[in-house]
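Okay, structure first, notes after.
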Amino acid sequence: MLAVRKARRKLRMGTICSPNPSGTKTASDVCNADWMASLPPHLHNVPLSNLAIPGSHDSFSYWVDEKSPVGPDQTQAIKRLARISLVKKLMKKWSVTQNLTFREQLEAGIRYFDLRVSSKPGDTDQEIYFIHGLFGIKVWDGLMEIDSFLTQHPKEIVFLDFNHFYAMDEAHHKCLVLRIQEAFENKLCPACSVESMTLQTLWEKKYQVLIFYHCPFYKQYSFLWPGKKIPAPWANTTNVRKLILFLETTLSERAPQGSFHVSQAILTPRVKTIARGLVGGLKNTLVHRNLPAILDWVKTQKPGAMGVNIITSDFVDLVDFATTVIELNDLLQEDRALAKC
């Protein structure tokens with residue numbers, strides 16, 4: 001069975017994301033760009049809520065603008081401090097939670113994106129930006145990057161989870177939803193039964209994008225899924241042992257039907273954490289030393305109705321995160337093989 005899993009991994013990892021000039025394949029060139037398309041036929045009719053799917057936390061934060069105003073998600077005290085240029089440079093070290101762009105995350109195998117958005121103070125238009133302490137890229141630019149990938153990989157499915165909105169009135173929401181429609185058009189999957197969402201069903205209808213919208217505004221559009229359909233319990237701790245206990249507890253309490261489930265395998269800095277590691281930033285203070293333990297926990301998991309579904313991480317490129325999550329789906333195939341014995 002181990003040999004079968006290794007063979008499937010080689011098949012999945014056969015896509016060259018960015019061929020080098022010599023035409024040879026290097027370790028850094030290989031990716032998971034088509035991992036959903038490469039899953040065995042038996043898994044094509046398994047609900048997506050029962051598959052193991054890798055995701056990223058604050059997915060857009062690979063770039064933030066030090067020159068822009070501090071975001072409306074910050075306190076007045078932080079906004080006053082940020083008038084000092086050095087403060088914004090330090091904020092950037094704690095606002096950035098990813099190294100890879102949307103495209104690079106998709107090629108690595110990430111299929112769930114945690115999205116927080118805001119209008120920008122002083123803007124006269126209705127432009128919406130990604131936000132995490134500091135403003136990121138325009139939402140439109142991110143959506144177009146994702147759509148370009150999906151057009152080239154028609155069997156890959158993504159979850160876009162719009163879960164935080166700042167400084168947005170009804171006009172801003174309408175503008176954002178219009179942009180979503182313009183970007184994805186017929187790729188948008190209407191909200192319906194979670195259990196009916198399988199790869200085969202989506203492929204037949206050519207749907208590739210599930211949009212979750214944590215705001216009552218979702219009721220006005222058939223392609224917006226309510227936020228309650230994708231709960232993402234948050235441990236809010238700096239302690240990796242407490243995080244793992246929390247992940248285990250929330251998985252045991254997971255509803256067996258009716259929703260997806262996000263396991264946020266992330267540590268959250270407190271004020272004293274930031275004070276102690278001010279210059280080091282999130283990656284060097286919390287993530288680097290704890291990611292191996294978090295990945296070890298992931299390796300012990302199993303997908304299914306009461307198992308893991310979507311798992312998110314900071315800095316998904318620092319370890320073999322996406323591939324580790326994807327390979328958990330082989331356990332579903334092994335169960336089937338054992339049942340036949």
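The values are calculated or read from the model by the stated rules, or taken from the named source; none is laboratory data. No experiment lies behind these values; they were computed from the predicted model shown. As a convention, Cβ positions derive from the backbone with ideal geometry for all residues, glycine included, and neighbour counts pool all protein chains shown. What goes into the accessible areas is simple: the full protein's heavy atoms, side chains included, and nothing from ligands, DNA or RNA. Shrake-Rupley method; radii C 1.70, N 1.55, O 1.52, S 1.80 Å.
Tabulated data for the structure shown
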{"read-out": "Residue ID - nearest to the chain's Cα centre (by Cα), chosen from residues in the range 120-173 that are polar (S, T, N, Q) and modelled with pLDDT of 95 or more", "value": "163"}
{"read-out": "Residue count, the range 183-216 (criterion: under 28 Å from residue 166 (Cβ atoms) and open to solvent by 60 Å² or more (accessible area, probe 1.4 Å))", "value": "3"}
{"read-out": "Failed condition for residue 166, given (1) touching a residue at least 40 places away in the same chain (Cβ under 8 Å); (2) within 21 Å of residue 55 (Cα to Cα); (3) in contact with a strand residue (DSSP E or B) (Cβ under 6 Å, 6 or more places away or on another chain); (4) not basic (Lys, Arg)", "value": "(2)"}
{"read-out": "Lone unmet requirement of (1) surrounded by fewer than 20 Cβ atoms within 10 Å (Cβ to Cβ); (2) in contact with a Pro (Cβ under 6 Å, 6 or more places away or on another chain); (3) of a type outside the set (D, E, K, R) for residue 175", "value": "(2)"}
{"read-out": "Subset of the range 79-104 (residues that are of a type in the set (Val, Ile, Thr) and either touching a residue at least 24 places away in the same chain (Cβ under 8 Å) or under 21 Å from residue 312 (Cα atoms) (or both))", "value": "96, 97, 101"}
{"read-out": "Filtered residues of the range 184-201 (kept if in a helix (DSSP H, G or I), over 19 Å from the mean Cα position of the chain (by Cα) and farther than 21 Å from residue 145 by Cα)", "value": "195, 196, 200, 201"}
{"read-out": "Enumeration of residues in the range 275-306 that are within 30 Å of residue 78 (Cα to Cα) and surrounded by 14 or more Cβ atoms within 10 Å (Cβ to Cβ)", "value": "277, 280, 281, 282, 283, 285, 286, 287, 288, 290, 291"}
{"read-out": "Scope the range 106-117; condition closer than 21 Å to residue 264 by Cβ and not hydrophobic (A, V, I, L, M, F, W, C); matching residues", "value": "109, 111, 112, 114, 116"}
